[in-house]
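The values are calculated or read from the model by the stated rules, or taken from the named source; none is laboratory data. Worth saying up front: this structure is predicted, and the values here are computed from it rather than measured. Cβ atoms come from the backbone with ideal geometry, glycine included; neighbour counts cover every protein chain shown.
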Amino acid sequence: MSSENNLFSEISSLSTEQINPLSKNIDSLPALDILKIINEEDKSVAFAVEKEISHIAKAVEAVVNSFTRNGRLLYFGAGTSGRLGVVDASECPPTFGTDPEMVQGFIAGGKEAMFRAQEGAEDFEENGADDVLRINVTKNDVVCGIAASNRTPYVLGAIKKAKSIGAATIFLSCSPRSSFSFKEADIIICPEVGPEVIMGSTRLKSGTSQKMVLNMITTTSMVLLGKTYENMMIDLQLTNKKLVERAKRIIMLITGCNYAKAAEYLELSGGHVKTAIVMISANTDKDTAQLMIKNAGGFVRKALS
């Protein structure tokens, strides 16, 4: 059988490539009814993700373990999947104050592929393997491949190469767990969202499930690293006026101080919310507050106890 026939058979067997009976007549419906169908299908995504929580927890453990060894979380994907990885990675620094190197996203075809599809970029395993080598993946890193199917060559190449180096590997896919014969990934997360509203359009339910899982992995990891106090961001970067005002409000909510004092201590702390909170709560100076936080492993709650 030719390579084209093999590819045709692979794609034809994917759950996301099947015809969804609930939307079969979508092209004959008015806008309101189309929207209702999309909404009903989207409701099923969270339940598909729920079934994978035990596997997501294993992914979080691997990521936290990596971070504590100065490792990185590295996403590799193509098309929508790749873009979602880049988006999740790019949102970690402003939200959690992380170094941009700590969580990174890579997409088949490079930066240009974020805005315009790069034809054929995902079709070669060596492209994924080359990107892994280019960024010097080590055994301390976690490589997470993202693909709606379990066959995207770029993603497979990245995971295989990372595994050979000794990095922990995660594969996030929407293919049924029973369909996996790919053994290189240490952890497989596969929310089964079923046929898309538009056959094969994996930017829909598949993309939604992937974004949910990626948000869960990074958010939970950051909470476990002490990046929040209760459910408030305390390591956010003050990169715009909105975030400066949010930081003041967080300081006020945690310490009970007024706006003027929050603004004063935010400036005295050098724009570091954690430090400002400890300075106010422990009635201490910046250097002492920073030492208290360091001795508490970055956890404000522990520093104040």
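Name the residue, out of Ile188, Ile198, that is in a strand (DSSP E or B) and surrounded by fewer than 24 Cβ atoms within 10 Å (Cβ to Cβ).
On inspection, the qualifying residue turns out to be Ile188.
Looking at Ala46, Ala62, Ala78, Ala89 in this structure, which one is under 19 Å from Ser149 (Cβ atoms) and not charged (D, E, K, R)?
Ala78
For segment 20-130, please list each of the helices (runs of 4 or more DSSP H) lying entirely inside it that holds at least 2 residues being of a type in the set (Gly, Ala, Ser).
Counting at least 2 such residues, we get 45-50, 53-68, 79-96.
Out of the residues in segment 248-305 that are under 14 Å from Gly226 (Cβ atoms) and of a type in the set (Gly, Ala, Ser), which is modelled with the lowest pLDDT?
Selected residue: Ser305.
Just one of (1) of a type in the set (Phe, Trp, Tyr); (2) modelled with pLDDT of 95 or more; (3) closer than 30 Å to Leu35 by Cβ trips up Phe115, so point out which.
It is condition (2) that Phe115 fails.
Under 7 Å between Cβ atoms, which residue pairs at least 6 apart in sequence (or on different chains) link something in segment 170-196 that is among the polar types (S, T, N, Q) with a partner that is assigned to a loop (DSSP other than H, G, I, E, B) and at pLDDT 90 or above?
Going by the 7 Å Cβ cut-off, the qualifying pairs are Ser173/Ala148; Ser173/Cys190; Ser175/Cys190.
Starting from segment 90-101, take each residue that is crowded, with 18+ Cβ neighbours inside 10 Å and list its partners that are part of a helix (DSSP H, G or I), counting only C-beta distances under 6 angstrom and pairs at least six apart or across chains.
Filtered contacts from segment 90-101: Cys92/Thr218; Phe96/Met222; Thr98/Cys92.
Return yes when Gly145 is modelled with pLDDT of 95 or more and under 17 Å from Glu125 (Cα atoms) and no when it is not.
Against the criterion (modelled with pLDDT of 95 or more and under 17 Å from Glu125 (Cα atoms)), Gly145 qualifies.
Could you tell me how many of the residues in segment 98-128 are in contact with a Phe, Trp or Tyr (Cβ under 9 Å, 6 or more places away or on another chain) and among the hydrophobic types (A, V, I, L, M, F, W, C)?
Residues meeting the conditions: 7.
Out of all the residues in segment 148-183, which are β-branched (Val, Ile, Thr), crowded, with 21+ Cβ neighbours inside 10 Å and modelled with pLDDT of 95 or more?
Val155, Ile159, Thr169, Ile170
Restricting to segment 116-129, name every residue that is within 29 Å of Glu61 (Cβ to Cβ) and without any contact (Cβ under 8 Å) to a residue 40 or more places away in the chain.
The answer is Glu125, Ala129.
It is to be established whether one or more residues within segment 149-159 are in the same structural domain as Thr208 (by TED's automatic domain parsing), in a helix (DSSP H, G or I), of a type in the set (A, V, I, L, M, F, W, C) and touching a Lys or Arg at 6+ places or on another chain (Cβ under 8 Å).
No: zero hits.
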